[in-house]
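Enquirer: Once you've had a glance at the structure underneath, I'll fire off some questions.
Please treat every number below as a calculation from the coordinates, not as lab data. Model, not experiment: these values are computed from the prediction.
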Amino acid sequence: ASVYLCTSSVEGFSNSILQAWSHGRPVVSTLDPDGVIEQYDLGFHATTTKDLVSAIHRACANSADYIIPARTYLQENHAPEIIMPQIEAALRGETPPD
């Protein structure tokens with residue numbers, strides 16, 4: 001796939017989005033939790049059918065432009081060495097480290 005399309009109105013920030021970014025693929029989504037997609041230029045947030053179609057065309061035409069930003073974002077924010085201390089703290093009932 002060149003682009004990951006997420007049209008769920010309830011799923012939020014799913015693991016499938018992380019999987020797309022791990023493969024350097026842009027995400028086109030109807031939801032952008034915390035504005036991550038737009039803030040880090042990891043794809044497109046679109047709320048109408050017309051905007052979704054346009055975003056898919058733009059993402060497909062430029063999918064190679066997302067490889068480095070997507071993988072960099074994933075490594076800096078979701079790598080095991082970053083996430084595991086947060087999960088462990090939460091399981092212990094402690095405040096997660098920043």
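Enquirer: Of the candidates Asp34, Asp65, Asp51, which one comes out as most mobile in a Gaussian network treatment of the chain with C-alpha springs shorter than 10 Å?
Expert: Evaluated over the chain, the most mobile residue of the options is Asp34.
Enquirer: Determine one quarter of the surface area of the Cα convex hull of the stretch 36-76, which equals its mean projected area, and express it in nm² to one decimal.
Expert: Over every viewing direction, the Cα hull of the stretch 36-76 projects on average to 2.8 nm².
Enquirer: Of the residues Gln39, Gln86, Gln75, which exhibits the maximal mean-square fluctuation in a Gaussian network model of the chain defined by a 10 Å Cα contact cut-off?
Expert: Gln86
Enquirer: To continue, here is another question. Any idea what the relative contact order of the chain is, in percent, if you count C-alpha pairs under 8 Å spaced at least 6 apart?
Expert: Once divided by the residue count of the chain, the mean separation gives 26 percent.
Enquirer: Using a 10 angstrom cutoff on alpha carbons, build the Gaussian network for the chain and name the most mobile of Gly24, Gly43, Gly35.
Expert: Gly35
Enquirer: Can you give the log10 of the normalised intensity I(q)/I(0) at q = 0.15, 0.28 Å⁻¹, computed with Debye over equal Cα scatterers of the stretch 1-74?
Expert: -0.40, -1.45
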